[in-house]
1. Please verify whether region 193-202 includes one or more residues that are free of Cβ contacts under 8 Å to residues at least 60 places away in the same chain and farther than 22 Å from residue 147 by Cβ.
2. Only residues that are part of a strand (DSSP E or B) and surrounded by fewer than 19 Cβ atoms within 10 Å (Cβ to Cβ): list them for region 74-98, please.
3. Report, by residue number, each residue of region 15-70 that is touching a strand residue (DSSP E or B) at 6+ places or on another chain (Cβ under 7 Å) and without any contact (Cβ under 8 Å) to a residue 24 or more places away in the chain.
4. Against the condition farther than 20 Å from residue 260 by Cα and in a strand (DSSP E or B), how does residue 296 come out, does it pass?
5. Given (1) surrounded by fewer than 20 Cβ atoms within 10 Å (Cβ to Cβ); (2) in contact (Cβ under 8 Å) with a residue 24 or more places away in the chain, where does residue 247 come up short, assuming only one miss?
6. Determine which single condition residue 259 fails, assuming it passes every other condition in (1) buried (at least 19 other Cβ atoms within 10 Å of the Cβ); (2) assigned by TED's automatic domain parsing to the domain that holds residue 163.
7. Any idea which of 55, 40 is at pLDDT below 95 and over 15 Å from residue 102 (Cα atoms)?
8. Which residue is nearest to residue 55 (Cα to Cα), if the candidates are limited to region 111-140 and must be in a loop (DSSP other than H, G, I, E, B) and in contact (Cβ under 8 Å) with a residue 60 or more places away in the chain?
């Protein structure tokens, strides 16, 4: 195997692969490698941790076709320390892989593993793909991903629920104390059974996708396949039954408060720095025309008062500060709306403009 390519082009793809491969201490050495396959004028790059897989192709000058598995973290470190320009890569005898920049007298080498031992990546050849706007899919991820549960005993909530209903694509995430929902209308109607997509692959899509054009998606009982730009990702789906999220969504909430999003965001930044870091409880009190935020812990506390559109009796809530700051980070409109019926029941956060998403937060006890 022998090929030549631009260092910066290869570095970009190996950096992505490093986010997927198992770390060196996993005990499964082959899962710490990236598979390189050179043929014709193309280098295929593959990485997997057995759950999430990555594949891409870049143009290279191939002198000798072949394939090799190299340790991803070491390979990435070598590439980072090379100047930009053409580099020659060659597999030699005794599992030795050499890296030789063409613009200086340097030659580095590293041990390799057999490409034959690299795990097989799930095939999508017989799957039916449908297209979704990259921009829409990225927004769906952004509005839900932060709300998933990280409790491994509730593994069925360790990902985002994805379904279609009446032609709409719906994503929902919950950790049992909050719920985030978003729906998008694709250009063409699609039909598939509901699935739970793990967070790792969704984080990668959000990071890698350009936001332009479409993302192609295919689903079966066990795997999801994503193709966008020059990248291909696949993931094993989470098995289990996702909670009936529709039971959590209030049918009607009688009280509405409108607040400038940036005012609330800045006030939360100031007072949440002094919340108890274990429970992160922050106190909110609605007064005529104002919202007062208060925090306290063993060493201090603080209050902040901002104006809002509210008239009525004084009402007090307690909430986890993250359950407010995380959705606020993804909302973009100038104002937001809080809807509730009783301070002890669910509070709904919506954008001040009509949007296709909302966030539901369950209050905490005030004492």
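The values are calculated or read from the model by the stated rules, or taken from the named source; none is laboratory data. Keep in mind it's a predicted model, so treat the numbers as computed, not measured. Because the Cβ atoms are built from the backbone with ideal geometry, glycine has one as well, and the counts that use them run over all protein chains shown.
1. yes
2. Keep residues of region 74-98 that are part of a strand (DSSP E or B), which gives 86-92, 96-98.
Result: 86, 88, 92, 96, 98.
3. Across region 15-70, the qualifying residues are 41, 42, 44.
4. Here the answer is yes, as residue 296 does meet what is asked.
5. If we test residue 247 against (1) surrounded by fewer than 20 Cβ atoms within 10 Å (Cβ to Cβ); (2) in contact (Cβ under 8 Å) with a residue 24 or more places away in the chain, just (2) comes out false.
6. Condition not satisfied by residue 259: (2).
7. On the way: 55 fails: at pLDDT below 95.
None of the other options fit; the residue is 40.
8. 121
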